[in-house]
Structures are given as C-alpha cells and as structure tokens.
Amino acid sequence: MNAKLLMSITVSAAFALAMAPAQAEKAASNLDAKTAEIVKRDFRDKGIAKATRVNQDELQAACSKYVDKLPPKLKAKLEAKEAEAIKLPVDGKFMGDWKAGEKLAQSGRGMTWSDKAEDPAGGNCYNCHQLSSKEIAFGTIGPSLLNFGKVRGNGEDIQRYVYARIYNAKAANACANMPRFGHMGILSEAQMKDLVALLLDPESPVNK
Amino acid sequence: MRTKQTYKALLLLALSASFAAVAAETAVTDSDRIEQYREMISDGNPAEFDEMRGEELWKKAAGPNKVSLEQCDLGKGAGVVKGAYAELPKFFKDTQQVQDLESRLLTCMTTLQGFTEDEIAAKPFASEKKASDISSLATYVVGQSKGIKMAVSTKHPKVKESYEIGKRIFNYRAGPYDFACSTCHATTGVRIRMQDLPNLSHNKKDAQTAYTTWPAYRVSQGLTRSFQWRLNDCFRQQRFPEPKFASEATVALTTFLAVSANGAEFAGPGLKR
C-alpha cells in the first residue's frame, strides 16, 4: 500500500469517527424538534386545560431534553433563575394555621380538565409524601416528611427554607419532581404559610 | 360463561372485603386488593362481555357501505385478527403511516364502512352511560392475542422513529405542575397515595405487565376500559390538555410502550381496581 493511500484511509477513518457523535446529536435534535411539532399539533383544549399548556418554559424544555440529568452549568443557571423569582411574604411571617395546611395537603384536586376554574387547587402533598403519622395512605415519590419540624427545628431559617421549597422546588433542584406551587400560581401565599405550619408547628400531627 | 349478575355479585363481595381491609387500618396497597379480586373471580372476567360486543360489531354489516370489518387488515392480512395486536403498532403501506390498533380500526371504519372520522372519534371511550364501538372492537381484537408473545418490530425506520418520538413524549414535561409521564413512571417501587406506579421506562417487567393487562375491567368503575383510555386519563392527571384520539402523538407513545413490552405473553383483557 502506498503512503498516500494509507494517509487518506487514516484521514477518512478519523473523520468518520469524529462525525459519528455529531451525526447522532443532529439526529437527536431533529427528533426533539419533530416531537415538539407533533405535541403542539396533537393536543386540544379540554375544559380548563387549554392546548397551550404543552408550551414549555425554559426549565421544562431543558429537563425534558436531558431527561432530568442536566449538565452542571445549565443546572446551576436554571436554579439561580428560579430562586431569583421567589417572592417571600411581604409581612415577613411564614407560619399560618396547620389545620388548614393539613386539609390542603390531603386534597389532590385542581387544574385537571375535569376540575372547574373556580375549584380551588389542593396541595397534593400526601400524593407524594408521608406527613402526619395518622395518614397511612401516602405516596412515596418524595421523601417522608414525618417529624419534619421535630428533626429540623422551627426557627426562622427553616421556616423560610420550607416556604421557598413549596414556592419553587426547582430553585433547589432544577428537575425535581415536585411542582412549583407559588411560581405557577397553584397555591396562594396564605395557603403556603398554612403548609409551612403543617410541617413545623409543634402542635401539628406531622410532629406528634 | 357465567351470567353478568353472578359477576356483579362476586365483585360486590370482593369490593366489600377490600373495604373491610382498609377499615382495619393496615397499609394495604391497591395491588394487594386487586390480587384479592383476582382470586375471587379466577374463573372469568367481566371484560368478556365487552369482547363479545366487539366481536358482534366486527362481524356485523354497518356504516353507509353496509359492510362488516371482516376485510379489515390489521397488519397480518385482510381479516386476520388472531395475534394482530401483539405486533402493533406497525407501518402500513396503504396509509403510509405507523398505526396502532385504534388508529387502524379508524382507517377500516372509514375506508371500508364509510363512517366519518369525526363520528367515531366523538365516542372514543366507554362511559357509565354509553358503550363505545371502537373501544369494544379494540377489546375484541386484543383478546385474540391472549397468550401470544408481544413482538413489535422496529426494523422499519418509521416505526423506529415513532418509538423515539414516543420516548420523548414520555419525558415531555409541561403544564402547571411540570409533570411528564416520567414524573410518576420512571422509578421502581413508588406509589401515589396507595396506588402502585409501574416503572415504564427503566423496568422491563413493570413495562411488560402494564402493557399486557389492558384493556381491563375496572372494578371501581364497573366497566371495561381501553389502553387508550388509560393513557388519556394519565394525561388528565398530568394536568395536560387532551391528546387527539388516534393522533400521531398517541400512536408514538403507544409504540414506545408496546416495544417496551416485547417478549411478554399478552394477558389482556385484564382486571384492575
């Protein structure tokens, strides 16, 4: 084999190797684009669930694209952006009524196409978390919050932490499975305070 | 076959037994309870009535053209029902599309029988008040794959593409809660309240069991529900808008789930809580 031929084989082999991942990436992004196109076309309004709900914000799009495993830089950037948008209560108080909080935590209603616009949304907390020791029908997508206040205390720092966590769970972990209750307008400020109390009040069944 | 009344009585019995279990305040998951129903009615499944209704519809001349569906090609040749579901979705030359069972039935009902798509898509799912023809037809066709191994081929590039798009729809987060199918169905051994959640993307066995047991007679609702209804209701829980019936999006998602079930023996129609 002459040197020139060998050279050209080597070059094209190297080229093919370099191209393979680039091509795979291109194929993947074509599929992402096609998926977005299909999703935008194939859903329709039903009740309060309008077709526009499939439009993603930056965070939703990134978590979908990377299947919840974001590159560290992007993750940090998105978390900072979510954190910046958190609105803490203006009166500086974080603790509401744990009894109202327990009712909210129990309710899994709200925002589906079979709910009405005027139906208030619940917190869905028991769908994913253990909270009160009395409630045995709890989900396990999120960690157990039983004895949360007993273990973590109930000073102002932890109050602020829990409020922020409920307001926007994505500020702490960009692709967490927990909804952004304040950020998306699912729960009101007063409701989120009631939930802080449910987790932290020494009288709450979570801490009994 | 037993009468409908006997089934109803047995199911009522099973239901009350399960409520007694809840009252006893033991942590009984819904899967434990469904196991009880299953034992109690092991010699039959009320979904058989929907299968029979579907079989009658398949064989009856209907639509403006007054023909039956017996010439419908579900992928194994005109009129072949046995084993067809275990190979769907598939690419069909005549429509130049990847089609799942419902989408294909829709094609046959429009091209052979002369119905309009809108007429059929207007009643895609059974409800307490009214049966759905396309849903019963699906129950019948699915039942004819009982005991047959799931073997959906991704050799055709269009099917492969549909699978890839379906996987992306599975992971597509959106809506007020940021949910995707993966929020609830990508971890093994978790549950929502007392309902066990199958891991449909990273656990072969879960994916196989979930796919091969639908359609199902739902004890809590007293009617036979289709797989497409199951997906539709999960989109509802996901706080999404409604997917259009037999659309490319639902076909792609079905392709992803069906391929994930490959190798398992088809066991539907099943029985669910």
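The values are calculated or read from the model by the stated rules, or taken from the named source; none is laboratory data. Not measured: the values here are computed from a predicted model. Cβ atoms come from the backbone with ideal geometry, glycine included; neighbour counts cover every protein chain shown. The accessibility values were calculated without ligands, DNA or RNA, using every heavy atom of the protein model including side chains. Shrake-Rupley method; radii C 1.70, N 1.55, O 1.52, S 1.80 Å.
For peptide A:64-77, how many partner chain Cβ atoms fall within 10 Å of a residue's Cβ, on average? Kindly include the intermediate steps, with their values, before the conclusion.
Values: counts 10, 4, 1, 9, 6, 0, 0, 0, 0, 0, 0, 0, 0, 0.
Shielding by partners across A:64-77 averages 2.
Ignoring ligands, DNA and RNA, please state the percent of accessible area on the protein assembly as shown from carbon and sulfur, probe 1.4 Å. Intermediate results must be reported in sequence, preceding the final value.
Working: 12990 of 22900 Å².
Whole-percent figure for carbon plus sulfur exposure: 57.
Looking at chain B as a GNM with Cα springs under 10 Å, which of B:P241, B:P46, B:P124 has the largest mean-square fluctuation?
Greatest mean-square fluctuation among the candidates belongs to B:P241.
Quick one: which residues, 5 or more positions from B:D73 or on another chain, have an amide H under 5 Å from its amide H? H modelled 1.01 Å from N in the peptide plane, none for Pro or chain starts.
The answer is B:G79.
Suppose only helical runs count, i.e. DSSP H with n ≥ 4. What mean residue ellipticity at 222 nm does that imply for chain B under -39500 (n - 2.57) per run, divided by all residues and rounded to the nearest 500 deg cm²/dmol?
Details: 11 runs with 123 residues, N = 273.
Here the helix-only value at 222 nm equals -13500 deg cm²/dmol.
Which residues does a label at A:K81 reach in segment A:43-64, if reach means a backbone N under 14 Å from a point 7 Å past the Cα toward the Cβ?
From segment A:43-64, the list is A:56-64.
For B:F245, list long-range residues whose amide hydrogen, built 1.01 Å from N in the peptide plane, is under 5 Å from its own amide hydrogen.
Excluding prolines and chain starts, which carry no amide H, there are no hits.
Test of understanding: what is the full-extension gain from B:A78 to B:H156, defined as 0.36 nm times their sequence separation minus their Cα-Cα distance? Intermediate results must be reported in sequence, preceding the final value.
Numbers: separation 78, 0.36 × 78 = 28.08 nm, distance 2.07 nm.
Length gained, B:A78 through B:H156: 26.0 nm.
Greater than 24 Å separation of Cα atoms is the criterion. Which listed pairs, A:K134/B:K204; A:K40/B:K155; B:K205/B:K272; B:K60/B:K155; A:K134/B:K272; A:K50/B:K204, meet it?
Values: A:K134/B:K204 35 Å; A:K40/B:K155 27 Å; B:K205/B:K272 18 Å; B:K60/B:K155 35 Å; A:K134/B:K272 28 Å; A:K50/B:K204 34 Å.
Where the Cα-Cα span goes over 24 Å, the pairs concerned are A:K134/B:K204; A:K40/B:K155; B:K60/B:K155; A:K134/B:K272; A:K50/B:K204.
Taking a probe of 1.4 angstrom, what is the accessible area of B:E51 in Å², to the nearest 10?
40
Rounded to the nearest 5, what is the percent of antiparallel bridges among the DSSP beta bridges in the protein assembly as shown?
Details: 15 of 18 bridges.
Antiparallel bridges make up about 85 percent of those DSSP assigns within the protein assembly as shown.
Classify segment B:104-150 as rounded, prolate or oblate, taking a ≥ b ≥ c as the square roots of the eigenvalues of its Cα gyration tensor: rounded when a/c is under 1.5, otherwise prolate if a/b is larger than b/c and oblate if not.
Cα axes put segment B:104-150 in the oblate bin.
Go ahead and estimate [θ] at 222 nm for chain A from helices alone: -39,500 (n - 2.57) per DSSP H run with n ≥ 4, summed, over the residue count, rounded to 500.
On the way: 8 runs with 103 residues, N = 208.
It lands at -15500 deg cm²/dmol.
Any idea of the total accessible area buried by the B-A contact, 1.4 Å probe, rounded to 100 Å²?
Values: alone 13860 and 13380 Å², together 22900 Å².
Approximately 4300 Å², summed over both chains.
Threshold 40 Å², probe 1.4 Å: give the residues of segment A:157-180, in number order, that are less accessible with all protein chains present than with their chain alone.
Residues of segment A:157-180 that lose at least 40 Å² of accessible area once the other chains are added: A:N177, A:P179.
Restricted to Cα positions, what overall size does the protein assembly as shown have along the principal axes? Three whole-Å values, descending.
For the protein assembly as shown, the Cα extents along the three principal axes come out at 86, 73, 39 Å.
Compute the label zone of B:T110 within segment B:54-94: residues whose backbone N is under 14 Å from the point 7 Å along Cα-to-Cβ.
Those under the cut-off are B:94.
Within 10 Å, Cβ to Cβ, of B:T183, how many net charges do the neighbouring residues add up to if Lys/Arg are +1 and Asp/Glu are -1? Walk me through the numbers on the way to the answer.
Values: positive: B:R173; negative: A:D68, B:D178.
That sum, taken over residues with Cβ under 10 Å, equals -1.
Apply the a/c threshold of 1.5 to the C-alpha gyration tensor of chain B and tell me whether it is rounded, prolate or oblate. Don't skip to the end; give the middle numbers.
On the way: a/c = 1.75, a/b = 1.21, b/c = 1.44.
Note, shape of chain B comes out oblate.
Can you give me the span-like helices of chain B, meaning DSSP H runs with 24 Å or more of Cα extent along the axis and Kyte-Doolittle mean at or above 0.0? Intermediate results must be reported in sequence, preceding the final value.
Numbers: long enough: B:4-23 (28 Å, 1.10).
The qualifying helices are B:4-23.
Would you please put A:137-148, A:181-192, A:69-80 in order of how densely packed they are, using the mean number of other Cβ atoms within 10 angstrom per residue and starting with the highest?
On the way: A:137-148: 17.5, A:181-192: 19.2, A:69-80: 13.5.
Per-residue Cβ counts within 10 Å, averaged per peptide and sorted highest first, yield A:181-192, A:137-148, A:69-80.
Hey, can you find the accessible area per residue of the protein assembly as shown for me, probe 1.4 Å, expressed in square angstrom?
On the way: 22900 Å² over 481 residues.
Per-residue value: 48 Å².
Please give the residues of segment B:237-265, grouped as numeric ranges, whose backbone N is less than 19 Å from a label point set 7 Å along the Cα-to-Cβ vector of A:E118.
Answer for this model: none.
I'd like the mean, over residues of B:156-166, of how many other protein chain beta carbons sit within 10 Å of each residue's own Cβ. Show your work: numbers first, answer last.
Details: counts 0, 0, 0, 0, 0, 4, 1, 0, 7, 7, 2.
Per residue, the number of nearby Cβ atoms from other chains is 2 on average.
Once you list every other residue whose beta carbon is under 13 Å from the beta carbon of A:K103, what net charge do they have if Lys and Arg are +1 and Asp and Glu are -1? Before the final figure, lay out each step's value.
Numbers: positive: A:K99, A:R109; negative: A:D97, A:E102, A:E135, A:D194.
Once positives and negatives cancel, what remains is -2.
As an exercise, identify the trypsin sites (Lys or Arg not before Pro) in segment B:116-197 lying in DSSP coil whose Cβ has no more than 13 other Cβ atoms within 10 Å. Walk me through the numbers on the way to the answer.
Numbers: sites: B:K129, B:K130, B:K146, B:K149, B:K155, B:K158, B:K160, B:K167, B:R168, B:R173, B:R191, B:R193; in loops: B:K129, B:K130, B:K146, B:K155, B:R173, B:R193.
Loop-located and lightly packed - B:K129, B:K130, B:K155.
By the scheme Lys and Arg +1, Asp and Glu -1, what is the net charge of all other residues having a beta-carbon under 10 Å from that of A:D45? Mind dumping the intermediate values first?
Values: positive: A:R44, A:K46, A:K50, A:R53; negative: B:E242.
My count for the surroundings of A:D45 gives +3.
Taking H placed 1.01 Å from N in the peptide plane, check which residues at least 5 places from B:K149 or on another chain put their amide H under 5 Å from its amide H.
Residues meeting the criterion, in which the H sits 1.01 Å from N, are B:F266.
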